[in-house]
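Asks: Please find one structure pasted underneath; my questions will follow.
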């Protein structure tokens, strides 16, 4: 059964499937790292912590990019009311990006990082060895080429079709993503400059242009599942992303407190980043408001649950947990502690992992020719996956927050001489790390349930 | 939201607000970069410091350690390790650092394990120079105490 409005939307399917595969890898490596936090020599000679971490974070970034690309290929043709400019290009870029991603991850795992730097000729243009930007320079170039081809394909599609607010916001977000990634190629010898501009990629992605992408995907899914008037939803979308950028751009200042920067950043960063929870709070109000005002009962209950869930969890993870340590006089003690890790986990899961699962939940039944929604049984299993993963992530965040508070208390607050050393402090945090690892196992069970839901078909309906 | 507040108004706030605050961000960035030489000791960046930074990156040190609070939180902060382990004395720090690097992995059962990166004496010295230079950066008095 063909249930797609535009046939070229089908190119989204491999992107979504590959994203889910990488997601599994990310969680497995997360569990390895979590165990290394308490059993320090676990897999020590085979997968050192730094390698596991690199794989964990890079897989996250890459699967989210696959998810965003799949989302764009799915929603842009429908919003533009025209076929994608070139489905062949989209498929070619899929294979290029997938191959580059797999080779890079294998490189991390199979040879020492310094060897990977040598064989990829890092010395010609050194960009490796910085947090989240560990990819070999050649991989980074590959990412730029894939992004350019992707933006060209979407741009041409929008040009010949309808230009909706959702399309324009999605496109602005994706162009911003590509533009700010270019700072990954700037790696000056002077660490002060290096660190300052490194945040142009990291912060302006996750607390800037990615929020546009999230907003656009959420608006699209809400229009579809609630049937609320496009004018209303797009107005909310503009208000939310206006708040996101107005607070988030100068909110970058919360990363400049302890760099080689003037003190005014402590004021600018504190004030504007204190406003950063507002767009996320507005997103919660808006998602629930739209669902309450729905004009139709969409059969895909799971997609609606993800849409509401991502708004709430993004508010908690990015908004509340971000605010917890964003004021400069608090951050002075919490900077680079387990508090940061707690915030990072819930924010990425709530805002970005969940928005990708929202669009997958909505689009996959159509992409697979099942119809508007999966059968009831599959949706029930999918919702089990939703709750297990989400509740597990809440506990991961709470345990890491507990670890962080104790760490600050023992290691940061006392004077030199009185304070416990880093390693002595870590020993005291062991119980929190064990609990976090157990929560991580529940997260994996949730992920397995979620993935299982894709394989459940309604036997009665078929018969 | 009220009907009198239209989509067009929301869109204008989005475009206008983002451009306005982005321009402020650029202006502050311009000023910050101009002020940076007062705080970053760039005149002390020797060739050894430069080589040391490349070694820091090439061995993915930031995959376990943090440097001024950025990086991983699995192993100690290193922006002030020069002061913590060498008491601010170059000879003392370099002696400690060479011994430490060559003693890895410590192979203490259950303890977090640092790999041996097989650096030669010159490379260990370069890395030490990078950490010394880093410790002298003016980062607005972070961290709060010597433990990092």
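Asks: Please tell me the relative contact order of chain B in percent, rounded to the nearest whole number, where contacts are Cα pairs under 8 Å and at least six residues apart. It would help to have the intermediate numbers written out before the result.
Replies: Numbers: 133 pairs, mean separation 41.0, N = 148.
Dividing the mean separation by the residue count of chain B yields 28 percent.
Asks: I need to check one value: relative contact order of segment A:152-293, counting alpha carbon pairs closer than 8 Å and at least 6 residues apart, in percent. Don't skip to the end; give the middle numbers.
Replies: On the way: 143 pairs, mean separation 31.3, N = 142.
Across segment A:152-293, relative contact order equals 22 percent.
Asks: Let me have the relative contact order for chain A, percent, based on Cα pairs under 8 Å that are six or more residues apart. Don't skip to the end; give the middle numbers.
Replies: Details: 671 pairs, mean separation 68.8, N = 463.
The value is 15 percent.
Asks: Using Cα atoms only, what is the angle between the long axis of helix A:191-204 and the major principal axis of chain A, expressed in degrees (0 to 90) to the nearest 10?
Replies: Taking the Cα atoms of chain A, the angle to A:191-204 is about 30 degrees.
Asks: Two decimals is fine: what is log10 I(q)/I(0) at q = 0.10, 0.17, 0.18, 0.20 Å⁻¹ for chain B, from a Debye sum with one equal scatterer on every Cα and no solvent?
Replies: So the normalised log intensities work out to -0.50, -1.01, -1.11, -1.31.
Asks: Principal axes first, then extents: for the Cα atoms of segment A:171-288, list largest minus smallest coordinate on each axis, whole Å, largest first.
Replies: Cα extents, longest axis first: 54, 29, 15 Å.
Asks: Taking each pair of distinct Cα atoms in the protein assembly as shown once, what is the resulting Kirkwood hydrodynamic radius in Å? Write out the running numbers ahead of the final one.
Replies: Working: mean 1/r = 0.0399 Å⁻¹.
That comes to 25.0 Å for the protein assembly as shown.
Asks: Next question, about the same structure. What percentage of all Cα-Cα pairs in segment B:20-85 are separated by more than 18 Å? Present the calculation step by step, with values, prior to reporting the outcome.
Replies: Values: 1250 of 2145 pairs.
In whole percent, the long-distance tail amounts to 58.
Asks: Round to the nearest 10 and give me the degree value, 0 to 90, for the angle of helix B:7-35's Cα axis relative to the longest principal axis of chain B.
Replies: Between the helix axis and the principal axis of chain B, the angle is about 40 degrees.
Asks: Place a point 7 Å from the Cα of residue A:231 along the Cα-to-Cβ direction; which residues of segment B:1-35 have their backbone N under 20 Å from it?
Replies: B:1-14
Asks: Taking other Cβ within 10 Å of each residue's Cβ, how do A:412, B:42 sort, fewest first?
Replies: On the way: A:412 22, B:42 19.
Fewest-to-most ranking of A:412, B:42: B:42, A:412.
Asks: What does the C-alpha gyration tensor say about the overall shape of segment A:333-376? Classify as rounded when a/c is under 1.5, otherwise prolate if a/b is larger than b/c, or oblate.
Replies: Working: a/c = 6.97, a/b = 4.86, b/c = 1.43.
Judged from the Cα gyration tensor, segment A:333-376 comes out prolate (a/c at least 1.5, a/b above b/c).
Asks: Using only the alpha-carbon atoms of segment A:1-154, report the extent along each of the three principal axes, biggest first, to the nearest angstrom.
Replies: On the principal axes, segment A:1-154 reaches 55, 37, 19 Å in Cα extent.
Asks: Regarding segment B:64-148, what whole-number volume in Å³ per residue does the convex hull of its Cα atoms give? Walk me through the intermediate numbers first.
Replies: Working: hull volume 8.2 nm³, N = 85.
Cα convex hull per residue, to the nearest whole number: 96 Å³.
Asks: Over all directions, what mean area does the Cα convex hull of segment A:31-97 project, stated in square nanometres?
Replies: Numbers: hull surface 23.6 nm².
Its Cα hull, projected and averaged over all orientations, spans 5.9 nm².
Asks: Sort B:34, B:53 by Cβ crowding within 10 Å, fewest neighbours at the top. Intermediate values should be presented prior to the final figure.
Replies: Details: B:34 10, B:53 26.
Final ranking by Cβ density, sparse to dense: B:34, B:53.
Asks: State whether segment A:178-235 is rounded, prolate or oblate according to the following rule on the C-alpha gyration tensor (a ≥ b ≥ c being the square roots of its eigenvalues): a/c under 1.5 gives rounded; otherwise a/b larger than b/c gives prolate, and the remaining case gives oblate. Show your work: numbers first, answer last.
Replies: Numbers: a/c = 5.37, a/b = 4.57, b/c = 1.17.
Judged from the Cα gyration tensor, segment A:178-235 comes out prolate (a/c at least 1.5, a/b above b/c).
Asks: Hey, any idea what the orientation-averaged projected area of the convex hull of segment A:320-463's Cα atoms comes to, in nm²? It would help to have the intermediate numbers written out before the result.
Replies: Numbers: hull surface 39.9 nm².
Its average projected convex-hull area is 10.0 nm².
Asks: Rg and Dmax of segment A:261-362, Cα atoms, in Å?
Replies: Calculated on Cα positions, Rg and Dmax stand at 16.4, 55 Å.
Asks: For helix A:49-80, what angle does its Cα long axis make with the longest principal axis of chain A, in degrees from 0 to 90 and rounded to 10?
Replies: It works out to around 30 degrees.
Asks: What are the equivalent ellipsoid semi-axes of segment A:235-279, built from the alpha-carbon gyration tensor (square roots of five times its eigenvalues), in whole angstrom, biggest first? Mind dumping the intermediate values first?
Replies: Working: eigenvalues 117, 12, 8 Å².
Taking √(5λ) for each Cα gyration eigenvalue gives 24, 8, 6 Å.
Asks: How much length is gained if the chain between residue A:185 and residue A:119 is pulled fully straight, taking 0.36 nm per residue apart and subtracting their Cα-Cα distance, in nm to one decimal? Please list the in-between numbers first.
Replies: Details: separation 66, 0.36 × 66 = 23.76 nm, distance 1.82 nm.
Full extension of this stretch gives 21.9 nm more.
Asks: Arrange B:61, A:375 by Cβ neighbour counts within 10 Å, fewest through most, would you? Could you put the intermediate results ahead of the total?
Replies: Working: B:61 24, A:375 19.
Listing B:61, A:375 from fewest to most nearby Cβ atoms yields A:375, B:61.
Taken together, the values in this text are just the output of simple stated rules run on the coordinates, not laboratory data. Quick caveat, the model's predicted, so the values are computed rather than measured. Cβ atoms come from the backbone with ideal geometry, glycine included; neighbour counts cover every protein chain shown.
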